[in-house]
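Okay, structure first, notes after.
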Amino acid sequence: MAKKILVINGHPNPSALNAGLAQAYVEGARNTGAEVREIVISALDFDPNLRYGYQKRMELEPDLQRAWETILWAEHLVWVHPVWWGGLPAVMKGFIDRLFLPGMAFSYRENSLFWEKLLKGRSARIITTLDQPGWIYRLLFGRPSVNQLRKSTLEFCGIRPVRLTYVGVVKKATAEQRSKWVAKVRRLGEKWK
């Protein structure tokens with residue numbers, strides 16, 4: 001049976017390296033028979049601001065409703081994004097804020113500090129581009145975007161394992177290096193990891 005894979009591009013610029021990496025993963029996975037769907041967050045029409053926090057529910061715009069249905073459909077989520085100021089691009093953070101909500105992605109237990117993880121049974125891969133070596137991002141800065149997406153969002157909601165691929169140093173990369181990164185990500189898609 002074909003694996004159901006969702007590739008989510010969190011870069012606001014549709015012509016950035018992240019788009020090429022996302023497309024490479026899609027191609028690799030499709031070459032092996034996987035059923036692949038894509039979400040380009042910057043192409044969606046939605047308010048990224050969770051205006052009322054969890055006090056009042058905002059209705060999901062049609063694009064967000066379709067995105068959520070696709071997330072529920074998927075067995076494996078691939079997140080492709082740059083690291084900006086140690087974190088996620090604002091539009092990607094807004095996408096997560098608006099969708100990964102109580103009652104949808106997790107639910108609080110009554111009179112408890114613990115919660116139910118409503119997205120169990122899925123795995124994920126984070127492919128993140130950096131303007132520094134991954135080891136520097138990890139050792140000197142503590143990899144805040146990875147902690148936020150992997151631990152505080154995906155694993156919090158039950159998605160595991162969550163694997164990680166660093167791509168960089170992007171700002172100094174030659175065309176040859178970029179081609180190697182694209183080929184590497186295509187191979188990841190072929191392995192469904």
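Descriptive notes on the structure:
- Answer residue from the stretch 176-190, given it is open to solvent by 80 Å² or more (accessible area, probe 1.4 Å), of a type outside the set (Asp, Glu) and without any contact (Cβ under 8 Å) to a residue 40 or more places away in the chain and is nearest to Pro144 (Cα to Cα) among those: Lys184
- For the stretch 42-71, the set of residues classified as free of Cβ contacts under 8 Å to residues at least 24 places away in the same chain, part of a helix (DSSP H, G or I) and open to solvent by 40 Å² or more (accessible area, probe 1.4 Å) consists of Pro62, Gln65, Arg66, Glu69, listed by residue number.
- Residue check for Thr129: open to solvent by less than 60 Å² (accessible area, probe 1.4 Å), within 17 Å of Pro12 (Cβ to Cβ) and not hydrophobic (A, V, I, L, M, F, W, C): yes
- Residue among Thr153, Thr165 that is assigned to a helix (DSSP H, G or I) and either touching a Gly at 6+ places or on another chain (Cβ under 8 Å) or surrounded by 16 or more Cβ atoms within 10 Å (Cβ to Cβ) (or both): Thr153
- A single member of Ile96, Ile39 is among the aliphatic types (A, V, I, L, M), surrounded by 15 or more Cβ atoms within 10 Å (Cβ to Cβ) and not in a strand (DSSP E or B), and it is Ile96.
The values are calculated or read from the model by the stated rules, or taken from the named source; none is laboratory data. Because the structure is a prediction, the values reported are computed rather than measured. Positions of Cβ are generated from backbone atoms using ideal geometry, with glycine treated the same way; all protein chains shown enter the neighbour counts. Accessible surface is based on the protein model in full, side chains and every heavy atom, while ligands, DNA and RNA are left aside. Shrake-Rupley method; radii C 1.70, N 1.55, O 1.52, S 1.80 Å.
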